[in-house]
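Structure, as structure tokens:
What follows draws every value from the coordinates through simple rules; no lab data is involved. The structure displayed is predicted, hence computed values, not measured ones. All Cβ positions, even for glycine, are placed from backbone atoms using ideal geometry, and neighbour counts span all protein chains on display.
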Amino acid sequence: MKKVLLLIALLSFLPAQPSQGRQATPGDSSLALSYRAPSDFALTADPNATAWKGITGVFAEKGTGGAAVANHRTEIRSRWTEKNLYFLFVCPYEELNLKPKPTTTAETNMLWEWDVAEVFIGTDYRNIKRYTEFQVSPQGEWVDLMIDRNPQPADHDWRWNSGFAAKARLDREKKVWYGEMRIPLSKIDRRTPRAGLEMRINFYRLQGPSSKRKLINWQPVKSDTFHTPEAFGRLRLHESSAPSNPSTPPQAGNFALPPTVADKAKLIVVYEADSFFEGPAWDPVSGKLYFTSFRKDKNQQILRLDGPGQVYVWMDKTGGVNGMRLSRTTGRLIGAQAYDHNVLSMKIGVAGPEDIKRLTTDFEGEAYNQPNDLAEAPNGGVYYTDPDFKGKTRSAVYYLNPEGKVRRIITHLKIPNGILVSADGKTLYVADSFEKRIYSYPLMPDGSVEQGAVKVFFDPWTENRNDPDGMCADAEGNLYFAMRGGVWVVSPEGKALGLIPINEFCSNVAFGGKEGQTLFITCQGRVYSLEMKVRGA
């Protein structure tokens, strides 16, 4: 089997009259939309064809390091049907590098040595190093490959055949070439095509002679190879047959207070200081709120709220304890220790923590990046996020089962942050601060997640782009997400019920109080309380 050393490319297009198309989702540079087509259609490589009129896309315009590549801004449009996934690229160029004696009746291996546009598509969320690759050249040459980056050397199987079709058109006068692809969905994804389904994806392009070679990508790989699956963005199948006009998108200001907030209730500042507050956890035994504090002098503490404006330093020099939960199975306080790279369990003592235990210090000998937040399952197992804030390539979500065994269960999120398990133990919710949305995963009996069924659970369209962070739930199953302008309250089905607006950045939320009907919200410089009609879960 022949190996391809490096296969790169891009999906894109700028029409003969370069359009000023808008991004598929304003404010989100890592998501592309594929719009449903009423039926399959013939390939024309024409952006003005009926199937492509009114369809906007995303743009690949950066080099591998993230710097803009002049005069090569490439637009990528996509459509889908129940059988096929379509891409159209319009590729402006300065110089061509075409293969002599081209053939379009059979696939062309090593096509990457010439001008080419390309898409990488991954649907295996358990193994992101396995994906498929599709290429088209300005002359209509094509090749499809099955990629496996796990073995050394990596396996790039160009003899794999998906049955995909390609067509291209070259306009030398306007210096733009057009490429179109039709890819059978059944060959790249075992899941049934439906609106909302997402795939991991990236688009690339190689253009020009070797002395002036242009390497362009949609999501910059920041690597010496385009084959960097950690850098993939996402493609979402969209129900609409054409982009809707977002001239008046729903904004945070359009949402009323959630119906779960008590009548005439107001936000009360229970504590404020020049610190960043996180990790609220209520202890019903002591009747106190515990929360974490990141001070400007680089010290980190766990504070106990003894009264309005009154705190007691319950633990000093915490090693960066960030997110916390009160374990319902042990009554102990568990915390994600960011800077000392552990997950801790502590008995709640009057003067401070007692019997401090490290539940986990590494995964298979590999130190954690920066444990950020955690959640407890009904069986006492602990899920925790470990984001790689700097490189965004080693982030993961882990599960510590009741017997003390750790499993790495999610690796495709770039910056996993807040996390929550549903009360019935069937769903895991994870916030991704890179993509700024909430994902949901069905939980399996062994505590792992069904990654093939992952979906975007909540992604409000707002001008405020504050990162999503911590979360909690009420007894009715509604979810509370600290993100984008305050705390969003969302039904179990993912419908926004309202927003509790807060000016400061909100880091986390938790229910507490004597009756369990007080919502505590930690923020930059402040901790708030708000009376609710419902109890916490």
Checklist entry - Relative contact order for the chain: what is it in percent, counting Cα pairs under 8 Å that are at least 6 residues apart? => result 12 percent
Checklist entry - So between THR81 and GLN310, what do we pick up on full extension, going 0.36 nm a residue minus the alpha carbon distance? => result 76.4 nm
Checklist outcome for this item: Output for the range 121-177: GluC sites (Glu not before Pro) sitting in coil per DSSP, at most 16 other Cβ within 10 Å, listed by number, reads GLU173
Item to check | Residue order, fewest to most surrounding Cβ atoms within 10 angstrom, among ASP362, ASP189, ASP432 | outcome: ASP362, ASP189, ASP432
Item to check | Relative exposure of MET199, MET110, MET146, MET483, judged by other C-beta atoms within 10 Å (fewest first) | outcome: MET110, MET146, MET199, MET483
Checklist outcome for this item: Matching label for the computed log10 I(q)/I(0) by the Debye sum over Cα atoms at q = 0.06, 0.12 Å⁻¹, out of (i) -0.37, -1.19; (ii) -0.35, -1.53; (iii) -0.33, -1.07, is (iii)
Item to check | Cleavage-rule hits, GluC sites (Glu not before Pro), the range 448-514, DSSP coil, Cβ neighbours within 10 Å at most 10 | outcome: GLU493
Next on the checklist: With 10 angstrom as the radius, rank LYS347, LYS264, LYS167 by how many other C-beta atoms surround their C-beta, starting from the fewest.
Outcome noted: LYS264, LYS347, LYS167
Checklist entry - Rounded if a/c is under 1.5, else prolate if a/b beats b/c, else oblate: with a ≥ b ≥ c from the C-alpha gyration tensor eigenvalues square-rooted, which is the range 31-238? => result rounded
Next on the checklist: Take LYS101 and TRP461, extend 7 Å from each Cα along the Cα→Cβ direction, and tell me the distance between the two endpoints in nm.
Outcome noted: 5.3 nm
Next on the checklist: Quick check: Cα centre of the range 432-490 to Cα centre of the range 157-194, how many Å?
Outcome noted: 33 Å
